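The structure appears right after this line, and notes come after that.
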Amino acid sequence: MCGLLGLLTSGETSENAVSQVDQAMHCLRHRGPDEHGTWHDDHIVFGFNRLSIIDIEHSHQPLRWGPEESPDRYALTFNGEIYNYLEIRAELTEQFGARFETEGDSEAIVAAYHFWGEEAVRRLRGMFAFAIWDTQNRELFIARDPFGIKPLFLATGAGGTAFGSEKKSLLELSDLIGIGLELDPRAIEHYTVLQYVPEPETLHRQIRRLESGSY
């Protein structure tokens, strides 16, 4: 279990945004005690708490990867485990000559996205929620596994879009991104009747979940 948190800003990334994301990571410290870090550029901030399982020494996150001509093109944060990552790495190497610097499953995700695009999500077998930032095209790609084992919450306001493994981390950024904390009456009704809140709702009106099997 790992914890990811990100903020795609509506303008240029400020020192305050980086600091607030870093501070909000305390809500996720129980999800990854082995490594804590942040990464940012002019548009996005990534935060991550890692529970090291595969390739402990090298698969640090947020992970940077890219093709030979642009080795740091992508930044990845990833929560989960990819069961067929060895097969994916072998296929990418054989088909495209992909190169890998680690022995972990994280690189397989971002390399698959580079070569296969959104089709990569269908090829992954495992439990996952991840975010990939393309520094070249300035595009954010996020996805969840088909069974929704790993959560991913989203909130968008005037200050940008925040996403994270737990809703309480987004609540910490509510003022920064400019969202209210009003409760969602329909979600409350669903909870009282069904004893759970169906996706994509949450109990807060302006915080949603990326639905299972979606990107």
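Is there a residue being more than 24 Å from LEU92 (Cα to Cα), of a type in the set (S, T, N, Q), at pLDDT below 90 and open to solvent by 10 Å² or more (accessible area, probe 1.4 Å) anywhere in region 17-35?
Checked region 17-35: no residue is more than 24 Å from LEU92 (Cα to Cα), of a type in the set (S, T, N, Q), at pLDDT below 90 and open to solvent by 10 Å² or more (accessible area, probe 1.4 Å).
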What's the total number of residues in region 67-109 that are touching a Leu at 6+ places or on another chain (Cβ under 9 Å), more than 22 Å from ARG144 (Cβ to Cβ) and touching a residue at least 60 places away in the same chain (Cβ under 8 Å)? 0
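Within region 104-128, can you find the residues that are aliphatic (A, V, I, L, M) and in contact with an Asp or Glu (Cβ under 7 Å, 6 or more places away or on another chain)?
So the first thing to find is which residues in region 104-128 are aliphatic (A, V, I, L, M), and the list is 108-112, 120-121, 124, 127.
Once the filter is applied, which keeps residues that are aliphatic (A, V, I, L, M) and in contact with an Asp or Glu (Cβ under 7 Å, 6 or more places away or on another chain), region 104-128 yields only MET127.
How many residues does region 59-68 contain that are over 17 Å from ALA129 (Cβ atoms) and surrounded by fewer than 22 Cβ atoms within 10 Å (Cβ to Cβ)?
Here is the first cut: in region 59-68, the ones over 17 Å from ALA129 (Cβ atoms) are 60, 64-68.
Filter once more, so that each one left must be surrounded by fewer than 22 Cβ atoms within 10 Å (Cβ to Cβ): 60, 64, 66-68.
The qualifying residues number 5.
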Tell me which helices (runs of 4 or more DSSP H) are completely within region 157-208 and hold 2 or more residues being under 17 Å from the mean Cα position of the chain (by Cα) and among the hydrophobic types (A, V, I, L, M, F, W, C), or say none if there are none. 167-171
Keeping to region 69-103, report how many residues are under 21 Å from GLY6 (Cβ atoms), open to solvent by 80 Å² or more (accessible area, probe 1.4 Å) and outside any loop (DSSP other than H, G, I, E, B). 0
Within region 152-174, take every residue that is over 17 Å from GLU199 (Cα atoms) and of a type in the set (Gly, Ala, Ser) and give me the one that is most open to solvent (accessible area, probe 1.4 Å). ALA158
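For (1) within 18 Å of THR77 (Cβ to Cβ); (2) buried (at least 17 other Cβ atoms within 10 Å of the Cβ), each residue gets a yes or a no:
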| position | (1), (2) |
| --- | --- |
| GLU119 | no, no |
| MET127 | yes, yes |
| PHE130 | yes, yes |
| TRP133 | yes, yes |
| PHE141 | yes, yes |
| ILE149 | yes, no |
| GLU182 | no, no |
Residue that is least open to solvent (accessible area, probe 1.4 Å) [pool: residues in region 1-16 that are among the polar types (S, T, N, Q) and touching a residue at least 60 places away in the same chain (Cβ under 8 Å)]: THR9
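The values are calculated or read from the model by the stated rules, or taken from the named source; none is laboratory data. Note that the structure is a prediction, hence the values are computed from the model and not measured. Neighbour counts are summed over all protein chains in view; Cβ atoms, including those assigned to glycine, are modelled from backbone coordinates with ideal geometry. Note: areas computed on protein heavy atoms with side chains; ligands, DNA, RNA excluded. Shrake-Rupley method; radii C 1.70, N 1.55, O 1.52, S 1.80 Å.
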